[in-house]
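Right, one structure below, let's go through it.
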Amino acid sequence: MGFLDRPTRHLFFTGKGGVGKTSTSCAVAVGLARHGRSVLLVSTDPASNLDEVLGAAIGTRPTPVAAVPGLCALNVDPEAAAVEYRERVVGPYRGVLPAAAVASIEEQLAGACTVEIAAFDEFAKLIGSPEASAGFDHIVFDTAPTGHTLRLLSLPAAWTGFIETSAAGTSCLGPLQGLVAQRDLYARAVAALSDPGSTTLVLVSRPDKVALDEAARTGAELGALGLANQVLVLNGVFRATDRRDRVAVALARIGEEALQRIPEPLARLERVIVPLKREQVIGIDALSRFFDEDAAFSQDEVPEVPPVALPDLTTLVDELESAGPGLIMTMGKGGVGKTTVAVEIAMALARRGHAVHFTTTDPAAHVVGAVVELPEGLSLGRIDPRTEVERYRDEVMATTGAKLDEAGRALLQEDLSSPCTEEIAVFQAFARTVAQAAERYVVIDTAPTGHTLLLLDAALAYHREVSRQARTVSDAVIRLLPRLKDPLFTRILICTLPEATPVHEAAALQQDLRRAGIEPYAWVINQSLAPLRVTDPVLRARRAQERRYLDEVVERHAMRTILVPWREGMGINLDCAVPARAQREHCVRDDRHAAGA
């Protein structure tokens with residue numbers, strides 16, 4: 001299989017959420033190990049699900065996978081890495097500097113941006129330190145969805161440049177020596193990433209326009225950073241075997257049309273095709289069959305399952321409208337349709353005559369570019385990191401900087417030039433956006449789970465960091481957590497698919513939200529085949545598998561459950577945004593079957 005016949009030492013798997021990065025990277029790691037290679041599989045996703053896919057408990061140190069000799073796996077834990085990083089920086093000063101000075105250093109290291117640099121530090125070790133990965137022939141990285149991955153892979157160069165241009169003083173990470181000591185490590189990481197004989201970037205995509213466009217953008221951006229050795233894996237390619245099945249024919253046509261219009265940069269890459277599976281790719285046996293085309297077309301008998309009757313999106317919009325203006329946030333694993341659900345809700349509320357603001361916190365989102373015509377009352381926004389960084393730097397220099405002498409301004413400018421300033425700036429913008437919900441509906445399409453949790457969990461840490469740099473904290477930041485915890489102000493919609501990993505990750509997200517005092521309003525199960533009549537054997541098998549996860553959500557997790565059937569145009573298609581009941585014939589659906597006829 002092409003690139004796996006001559007694998008490089010480092011293999012990075014990246015792409016839009018939900019395209020199958022974890023399944024693909026795990027299947028490759030298992031395959032390499034079974035061919036006698038020693039493999040380390042690493043997840044850099046804050047919401048890693050390696051454990052579930054491999055069917056084994058994975059820790060933060062290389063953990064042998066018992067069922068596959070030669071394979072070890074680990075999850076990079078940002079919080080644990082931050083604890084180790086803080087102590088590595090602070091430890092040498094204990095007993096040397098006055099207690100007040102040590103306390104000041106620890107306070108500087110309490111910011112959430114320290115979590116980012118610590119996680120990056122662990123990542124850089126695996127790339128740039130021979131000792132950290134000794135004994136392994138290959139290191140396979142299962143990365144977070146695109147925006148988070150672009151940030152991670154750009155950090156070696158960003159922090160190397162910051163170290164080289166910083167003259168003195170401290171940064172928001174504490175003493176600069178904490179970074180300078182790693183200068184050589186980061187330089188080696190940059191060199192390894194840009195060496196085509198050492199590193200392969202595997203762009204994973206589904207055969208649909210949005211995923212392919214994002215893969216092309218990612219490839220271009222990472223290519224500009226030096227990761228030029230790239231391969232494309234097309235996962236979930238579906239070919240209809242029953243032409244009488246309208247859903248199967250529509251699904252196959254969408255894939256074929258997307259592949260016919262594949263972006264030129266991707267068309268030039270080596271390509272691996274993976275068929276849509278009847279089964280979920282969970283466990284070593286399923287991973288071993290991942291690249292086997294015959295596994296997709298088994299003719300095993302599929303049991304018939306009864307239809308499911310659950311409220312739909314129109315019912316949800318009715319409830320949100322009756323509750324009045326406030327904050328509506330869609331959250332969940334990448335690829336579950338958060339953006340689609342958020343856009344449809346925003347469009348429906350605006351068409352009903354309400355003032356609505358739609359925005360996204362996803363670093364990889366391009367929803368604004370997809371919108372052609374807006375109904376009256378709907379405004380669009382995007383929390384763009386670059387724009388927010390410039391705004392934040394200008395604000396701090398004009399306020400705090402105006403009170404400092406030349407040396408103090410230079411030191412503050414250095415502080416604001418560190419890459420972690422982006423996190424602070426984005427947080428400020430998030431707080432301002434939330435504040436708008438006091439007067440109108442604000443619909444926020446959030447980044448995938450791990451990135452969003454870091455944003456929400458960071459409130460107090462960012463409060464301290466903003467206070468340190470800017471001296472003053474806005475009312476929007478002060479009131480953010482109380483607003484998020486107020487069920488009359490905020491309605492969290494947890495989006496998922498009727499599959500194992502998305503459902504279980506959504507359940508973990510709900511637990512995290514509840515620990516923070518935030519109660520989800522409803523679960524939205526998206527792209528379901530359960531309400532549809534399908535006869536194609538692959539789709540019938542997938543439909544039958546859905547039932548256990550629908551029941552799990554309804555019976556164990558959700559206070560309120562909304563079911564959204566798969567339909568042609570499930571992407572960001574404003575002509576299909578929460579269609580009126582009379583317009584639903586545009587969806588590929590048999591309503592008599594859905595009702596139990």
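Bear in mind that the values in this text are calculations on the coordinates, not laboratory data. Just so it is clear, the model here is predicted, and its values are computed rather than measured. No Cβ is skipped: glycine too gets one built from the backbone with ideal geometry, and neighbour counts run over all protein chains shown.
Between Ala402 and Asp512, the simple spin-label model (points 7 angstrom out along Cα→Cβ) gives 3.9 nm. Once backbone amide H atoms are built at 1.01 Å from N, Thr490 has Leu327 as its partners under 5 Å, excluding neighbours fewer than 5 places away on the same chain. If R0 equals 45 Å, the separation of the Cβ atoms of Arg9 and Asp318 corresponds to a calculated FRET efficiency of about 0.25. The label point for Val83 and the one for Ala410, both projected 7 Å from the Cα toward the Cβ, are 4.0 nm apart. Checking the cross-link pairs Lys125/Lys209; Lys209/Lys333; Lys125/Lys277; Lys277/Lys333; Lys16/Lys485; Lys338/Lys485 against a 26 Å limit on the alpha carbon distance flags Lys125/Lys209; Lys125/Lys277; Lys16/Lys485 as lying beyond it.
Here's the picture: a label point sits 7 Å out from the Cα of Ala267 along the beta-carbon direction, and within the stretch 200-240 nothing has its amide nitrogen under 12 Å of it. Each Lys or Arg adds one and each Asp or Glu takes one away; over the other residues whose Cβ falls under 10 Å from the Cβ of Ala522, this sums to +1. Net charge within 13 Å of Ile492 by Cβ-Cβ distance, Lys/Arg positive one each and Asp/Glu negative one each, not counting Ile492 itself? Net local charge, Ile492 excluded: +2. For a Förster distance of 41 Å, can you work out the FRET efficiency between the beta-carbons of Arg556 and Ala250, rounded to the nearest 0.05? Plugging the Cβ-Cβ distance into 1/(1 + (r/R0)^6) gives 0.80.
Other residues lying with their Cβ under 10 Å from the Cβ of Ala258 contribute a combined charge of 0, Lys and Arg counting +1, Asp and Glu -1.
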